[in-house]
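Inspection log for the structure reproduced underneath, given as structure tokens.
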Amino acid sequence: MKKLISILGLLLILGCEPFVTEFPDTSIAVPYEATSKSNATYNGDNIKVVTWNIRFGIARFPFFGDSCGDSVILDDATIEKNMAAIADSLNAMDADIVLLQEVDVSSKRTGYMDQVQYLLDNTNLNYGCYASMWKADFIPSDGIGRIDAGNAILSKYELTETERIQLRLRTDQDGLTKYFYLRRNIVKAKIPALAQGEKDLFAVNIHATAFATDDTKQKHIDTYVETLSDIDSSGALFVTGGDLNSVPPGSEYDYCLQDMCPGEKYKDENENEIDYHSIDSLTDGPHKEGAYFNNFVGEREILVPLYDTYDAAIDTASYNLPENFTHGPSTSYEMNDIKYDRKLDYLFTNGIWENTSSKTHQAAWELSDHLPVSAVLNLGGE
């Protein structure tokens, strides 16, 4: 019966003006400029890159979607305060290129603030481009309403050839859920001012799936690797990163107990409660979505091609050290006072990162459930 209702609901929606924006395989990422630009002239120095999932400016707010909270809408004053703190952090890091995930540009939940424009107007960054991953006039569940959220690239220098690359949709959802769900993507841009002789320089930003239990994450990483390979084979340089929602090879892969909410119980298909400690394999299930990184064969090694092929800002000798953890769900913080306990955020290049320049900015833990990671690309500068 529930399946029938879902099908009828989907037919009703598709028969009317669509609520949700669909995207082609590739399209132009939306360009942005600061209202008043700061003076930025590249003189051949090394360049600093930051990646940061800013959680649409809600900090550690107990949002219903990824914590034990049940709240959806944050008041305008709090959003303004949080975004000002994020801008201050970015100014302190003084990056040339910033890769952002989970940015809102016109969403009810964050007071319809255009966060891309806000950050350009309140930092020393001058240009940007934006690619929506969730754009709908109305999301009927949980009071979300209007939503436009996605990924952005910000830069001191002008961006050209901005591109949004659609990633595969999940296949483990019913039709109605899939219709209203995220359209994850890669956003790419060329930065002509940072070209090294005949070598163009590109910035590439990704936010891979977090909650899929099928092989969608593998498909996302495959497309990401292919995108980087195309740039590399053309002879160009790239800096890239984002929230890959994957732990490094050889890491702990089961965070389900840490991320459980108060009173949450695991149940089998017959609704019988089960002891989670008895679940030991990827086929035993169930596992908490987003907290388990062994959903399909090969998931635990999904980032090996990136580490084997390109220079990682946080290398294999260091990525499992606590000082390089970048993520701690609000669930973990609310329940167990865990600020960060795993690494999900990365920077790579087909060039060379400056030795000892890489840093995970754990002092920013109050501003998001992800931490910014920075590194300096060695271009022969001081």
message: Modelling each spin label as a point 7 Å along the Cα-to-Cβ direction, I'd like the Lys199/Asp222 distance in nm, to one decimal.
response: 3.0 nm
message: Given R₀ = 30 Å, what would the calculated FRET efficiency be for Ala84 paired with Asp308, taking r from the Cβ atoms and rounding to 0.05?
response: 0.15
- prompt: Tally Lys and Arg at +1 and Asp and Glu at -1 over the other residues with C-beta under 14 Å from the C-beta of Leu321: what net charge comes out?
  reply: -1
message: Through the Karplus equation 6.51 cos²θ - 1.76 cosθ + 1.60, θ set to phi - 60°, convert the phi angles of segment 226-243 into ³J(HN,Hα) values in whole Hz; use x for Gly and Pro.
response: 5, 4, 5, 4, 5, 5, 4, 5, 7, x, 8, 9, 9, 10, 8, x, x, 9
statement: Footprinting proxy, Cys129, Cys261, Cys68, Cys256: sorted fewest to most Cβ within 10 Å, the residues are Cys261, Cys256, Cys68, Cys129
statement: Toy charge model, Lys and Arg Cβ at +1, Asp and Glu Cβ at -1: segment 20-377 dipole around Cα centroid in debye, rounded to 20, equals 840 debye
Lys/Arg +1, Asp/Glu -1 at C-beta; segment 20-377 dipole; positive extreme among Pro262, Phe325, Ala375: Ala375
message: Quick check on the exposure proxy: order Ser246, Ser233, Ser89 from fewest to most C-beta atoms within 10 angstrom.
response: Ser233, Ser89, Ser246
statement: The pairs in Lys288/Lys339; Lys156/Lys339; Lys217/Lys359; Lys81/Lys108 lying past 22 Å Cα-Cα in this model are Lys156/Lys339; Lys217/Lys359
message: How far apart, in nanometres, would the label points at Asp25 and Glu271 be if each is projected 7 angstrom from Cα along the Cα-to-Cβ direction?
response: 4.5 nm
- prompt: Between rounded, prolate and oblate, where does segment 20-377 land on the alpha carbon gyration tensor, with a ≥ b ≥ c its root eigenvalues, rounded for a/c under 1.5, else prolate if a/b exceeds b/c?
  reply: prolate
field: Most positive-pole-ward Cα, Cys129, Gln362, Gly57, against dipole of segment 20-377 from beta carbon charges
entry: Cys129
message: Using the basic label-point model (7 angstrom from Cα toward the beta carbon), what is the Cys261 to Ala77 distance in nanometres?
response: 2.8 nm
field: Which of Asp232, Asp341, Asp148, Asp308 has the fewest Cβ neighbours within 10 Å, and the rest in rising order
entry: Asp308, Asp232, Asp341, Asp148
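Each value in this text was obtained by applying a stated rule to the coordinates, not by laboratory testing. Quick caveat, the model's predicted, so the values are computed rather than measured. Cβ atoms come from the backbone with ideal geometry, glycine included; neighbour counts cover every protein chain shown.
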